[in-house]
Amino acid sequence: MRTAVILIASASLLTSPVLAADFYAERSDWVILKDDDDCSMWLEYEGPGSSTLGLIKGVDGTVAVSVGNDNWSVKDQENYDASLVLNGKEYGGAGAIGFKRSLGGGLVLNMGDGFERDFAKGSTLHVFLGEDRIDKLSLDGTANALVTLNQCVAKVRQEIAEQKAYEARYADLPRDPFAAAKPMGPREPVPVNRLWISGSDYRSSMIAARVEGRVAFRLAVNTAGRADSCEIAESSGNAELDELTCTLVSRRARFRPAIDEGGNEVPGVFEGSVNWTIPD
């Protein structure tokens with residue numbers, strides 16, 4: 001007697017079971033699951049050990065069969081001389097690979113040409129370990145389920161083609177341009193504002209005295225982007241003008257901090273100058 005599979009593990013086309021395929025449809029008691037590169041159809045049988053049968057078809061047309069039972073003490077990844085007999089034809093052989101599951105275990109067998117056709121037409125699948133028959137499973141409804149399975153495979157192929165087209169469209173763009181990027185450095189502090197001094201900063205006494213000139217300064221900039229100190233690198237010749245320059249620049253200047261060769265923020269030095277000209 002058979003029961004529909006509500007939740008089971010699917011199997012890969014080559015070796016051991018793979019968890020977490022998506023539900024696609026249910027047809028004639030078979031549950032069809034959809035994965036990234038294959039689809040599979042599954043059925044659970046009542047009886048000793050609750051046998052489970054699955055057929056997995058890849059987008060490349062490769063077909064495999066998974067058969068398992070709660071009572072089987074199969075060794076994981078072990079090769080077994082197992083075969084399937086269907087419509088008088090034998091499939092499989094020494095290439096059967098074992099897998100463990102929460103209860104018991106099972107076998108995955110890669111199928112040759114013609115198996116899918118025989119699977120659709122067959123009535124009973126006989127499972128052999130060497131010369132001994134170890135299970136027999138009804139195949140009622142497989143033809144209808146295979147139609148849905150192949151529709152699922154066609155959908156997966158379409159999704160893969162669409163993904164490849166999407167990737168090709170943006171193939172000239174790096175996926176993560178920052179992964180291989182080297183840190184920018186070393187670099188001295190970079191101003192983020194530049195309106196530090198204007199004509200309105202002239203003191204009336206300096207305007208009356210017609211004080212003008214160029215003041216070159218040097219700022220010690222901390223990692224917060226502010227000036228810790230200011231010194232005159234080249235005087236205007238007027239001490240008051242020099243002092244006013246350092247006072248205003250230290251108060252108003254903001255920077256992106258200096259960085260070292262490793263891209264780390266470090267204290268740095270900024271050098272600049274101001275040309276003082278009496279406004280009209």
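Each reported figure results from applying straightforward, stated rules to the coordinates on display, with no laboratory input. If you're wondering where the values come from, they're calculated on a predicted model, not measured in any experiment. Counting neighbours? That spans all protein chains shown, and the Cβs are built from the backbone with ideal geometry, glycine included.
Below are the figures for this structure:
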quantity: Additional length obtainable on full extension of the chain from ALA216 to ARG187, 0.36 nm per residue less Cα span; calculated: 8.4 nm
quantity: Most mobile of VAL108, VAL153, VAL192 in a GNM of the chain (Cα contacts under 10 Å); calculated: VAL192
quantity: The chain - mean residue ellipticity at 222 nm from DSSP helices (-39,500 (n - 2.57) per run, n ≥ 4, rounded to 500); calculated: -6000 deg cm²/dmol
quantity: Dipole magnitude of the chain, debye to nearest 20 (Cβ charges: Lys/Arg +1, Asp/Glu -1, about Cα centre); calculated: 620
quantity: Inter-site label distance for THR247 and ASN150 at 7 Å from Cα along Cβ, in nm; calculated: 9.1
quantity: Crossing angle, helix 239-252 versus the chain [Cα axis fit, 0-90 degrees, rounded to tens]; calculated: 20
quantity: Under the Debye formula (equal points on every Cα, no solvent term), log10 I(q)/I(0) of the chain at q = 0.07 Å⁻¹; calculated: -0.51
quantity: Listed residues ALA180, ALA171, ALA82, most fluctuating in the chain (Gaussian network, C-alpha, under 10 Å); calculated: ALA180
quantity: Whichever lysines have a C-alpha closer than 16 Å to that of LYS155, once near sequence neighbours (fewer than 8 apart) are set aside; calculated: LYS34, LYS57, LYS164
quantity: Computed E for SER73/ARG133 - FRET, C-beta separation, R0 25 angstrom, nearest 0.05; calculated: 0.90
quantity: Signed unit charges on C-beta, dipole axis of the chain, positive-most listed residue GLY58, LEU244, LEU129; calculated: LEU244
quantity: Computed FRET value (nearest 0.05) for SER102 with GLN158, which takes r as the C-beta separation and R₀ as 35 Å; calculated: 0.55
quantity: Reachable lysines, given that their alpha-carbon falls under 18 Å from the alpha-carbon of LYS100 and they are not under 8 places away in the same chain; calculated: LYS75
quantity: Equivalent ellipsoid dimensions for region 212-275 as semi-axes, Å, which come from the Cα gyration tensor, largest first; calculated: 25, 10, 8
quantity: Candidates GLY262, GLY105, GLY61: whichever shows maximal mean-square fluctuation once the chain is modelled as a Gaussian network with Cα springs under 10 Å; calculated: GLY262
quantity: Cross-link reach list, aspartates and glutamates versus LYS121, counting only Cα pairs under 18 Å and skipping chain neighbours closer than eight places; calculated: ASP29, GLU90, ASP113, ASP140
quantity: Degrees, to the nearest 10: 142-169 long Cα axis against longest axis of the chain; calculated: 20
